[in-house]
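Here the structure is laid out as structure tokens; the discussion comes afterwards.
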Amino acid sequence: MKSKTALKIVEWTSLPLLLFAALYFVSGYALTSETARSASLIMNFSRAQLIHLGRAMRLTLLTLFLLHSYAGAELLAGKLKARGRSLLGATVDYTATAFLLYVLWVVINAELRL
Amino acid sequence: MKKLAFALLVLLLLALGTYWGWSGGKGSSEKSTATPEENTNEKTTGGPVITITGLVERPYNITLSELREMPSRKVHAVLYCVDAPNRPLSNGTWTGVPLKYLLQRAGVKENAVKVALYASDGYTTDLRVKDVLADEDIIVAYEFNGEPIEPRLVVPGRWGYKWIKGLTKVELVDYDFKGRWESVGYPDDAYIENEANPWR
């Protein structure tokens with residue numbers, strides 16, 4: 001992936017990721033805590049369920065996470081390689097790829113069985 | 001190109017690992033994964049199934065066959081699970097004995113406030129005594145759509161975490177007992193606000 005493309009992906013996914021991750025955390029806490037439901041001002045149990053357990057929300061967050069972190073790792077790896085630290089760059093690159101594939105694998109298997 | 005080969009290798013390893021995990025799991029846990037419904041025959045002939053205990057005048061044990069002899073009630077109710085509220089898990093007619101009847105048979109002491117319910121797998125949940133005594137539709141079901149099942153609580157209009165299955169013990173207590181999910185913050189009353197559309 002070209003650095004320019006990776007940078008654009010990181011930039012454009014950052015705000016949606018911020019929004020979705022925040023909603024996911026807040027709804028997750030609201031699902032299991034009365035205090036969190038009150039503190040959130042906007043969550044009740046049904047709404048927390050809808051947001052936290054809905055497939056659309058989950059898959060959107062996952063897509064944003066995969067795009068953002070893969071592009072970010074590519075950027076970091078590219079930077080390391082450009083500075084002459086090729087081995088470390090390659091390690092970051094391949095480790096991130098393997099880890100994200102692992103996440104994707106688990107998700108695909110789980111979603112197919114739901 | 002090198003990275004694509006690496007990605008394919010990772011996927012291949014994951015697929016192999018998953019396949020081995022599944023085949024290994026199937027062999028070793030075949031016995032333990034039998035559903036409670038599948039163990040029904042064993043329970044129909046076995047000893048005590050449910051213990052009614054705690055703050056009652058006359059604690060007693062009851063077998064499934066004894067349960068079947070008691071005054072029963074048919075309740076049409078839909079079971080909704082919290083993690084999949086958009087589709088009913090079970091929808092049909094449950095036959096069983098009102099929990100109210102079981103408690104009254106034991107004689108509820110005045111200071112009892114909660115009913116603690118225990119399952120054979122360690123799961124717990126709870127109900128308020130006054131709710132149980134006021135609602136005859138809360139039953140300990142032994143049949144679903146005419147098919148025998150292991151004793152399970154049916155609590156119409158409430159989320160599935162109240163519908164404890166494999167019920168083994170009903171204990172009346174004088175404190176605010178909370179079951180497995182209630183104790184981590186799920187609403188204790190568990191009412192489905194809009195049963196026609198639990199998502200909303």
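Database remark: amide H of B:G54 closer than 5 angstrom to the amide H of B:L172 (H placed geometrically; neighbours at sequence offset of 5 or more, or on other chains; Pro and chain starts carry no H).
Only the Cβ atoms of Lys and Arg (+1) and of Asp and Glu (-1) were treated as charged; on that basis the dipole of chain A about its Cα centre amounts to roughly 300 debye. Applying a length cut-off of 15 Å (Cα extent along the axis) and a mean Kyte-Doolittle floor of 0.0 to the DSSP H helices of chain A leaves A:3-32, A:55-82, A:86-113.
FRET efficiency for the pair A:E11 and A:I42, taken as 1/(1 + (r/R0)^6) with r the Cβ-Cβ distance and R0 = 41 Å, rounds to 0.90.
Using a probe of 1.4 angstrom, how much of the accessible area of the range B:43-184 is carbon and sulfur, in percent? Intermediate results must be reported in sequence, preceding the final value.
Working: 2830 of 6140 Å².
It is 46 percent, rounded to a whole number.
Per residue, the solvent-accessible area of the protein assembly as shown (1.4 Å probe, heavy atoms of protein chains only, all protein chains present) comes to 56 Å². Modelled label positions at B:L13 and B:V184, each set 7 Å beyond Cα in the direction of Cβ, lie 3.1 nm from each other.
Applying the Karplus relation 6.51 cos²θ - 1.76 cosθ + 1.60 with θ = phi - 60° to the range B:118-135 yields 3J(HN,Hα) values of 10, 10, 5, 8, x, 5, 9, 8, 8, 9, 7, 4, 5, 5, 5, 6, 9, 10 Hz, where x marks Gly and Pro.
What does the charge dipole of the protein assembly as shown about its Cα centre add up to, to the nearest 20 debye, if the Cβ of each Lys and Arg holds +1 and the Cβ of each Asp and Glu holds -1? Numbers along the way, then the final one.
Values: 36 positive and 31 negative charges, 355 e Å.
That gives the protein assembly as shown a dipole magnitude of about 1700 debye.
Using a Gaussian network model of chain A in which every pair of alpha carbons under 10 angstrom is joined by a spring, one finds that among A:S69, A:S40, A:S14 the greatest mean-square fluctuation is at A:S40. Once the mean of 1/r is taken over each pair of separate Cα atoms and inverted, the range B:43-184 shows a Kirkwood hydrodynamic radius of 15.0 Å. Across the options A:S40, B:P85, B:V49, the greatest Cα extent toward the positive end of the charge dipole of the protein assembly as shown (unit charges at beta carbon of Lys, Arg, Asp, Glu) belongs to A:S40. Between B:E143 and B:T95, B:I149, the built amide H atoms are under 5 Å apart, and every one of these is 5 or more places off in sequence or on another chain.
So, R0 is 25 Å and r is the distance between the beta-carbons of A:L88 and A:K2; what FRET efficiency does that work out to, to 0.05? Spell out each step's value before the answer.
Details: r = 20 Å, r/R0 = 0.81.
Efficiency for this residue pair is about 0.75.
With r as the distance between the Cβ atoms of B:L89 and A:A22 and R0 = 30 Å, compute the FRET efficiency 1/(1 + (r/R0)^6) and round to 0.05. With a Förster radius of 30 Å, E is 0.45. Here the spin labels are modelled as points 7 Å beyond Cα on the Cα-Cβ line, and at B:R105 and A:R55 they lie 4.3 nm apart.
The values are calculated or read from the model by the stated rules, or taken from the named source; none is laboratory data. Source: prediction; values computed, not measured. Positions of Cβ are generated from backbone atoms using ideal geometry, with glycine treated the same way; all protein chains shown enter the neighbour counts. What goes into the accessible areas is simple: the full protein's heavy atoms, side chains included, and nothing from ligands, DNA or RNA. Shrake-Rupley method; radii C 1.70, N 1.55, O 1.52, S 1.80 Å.
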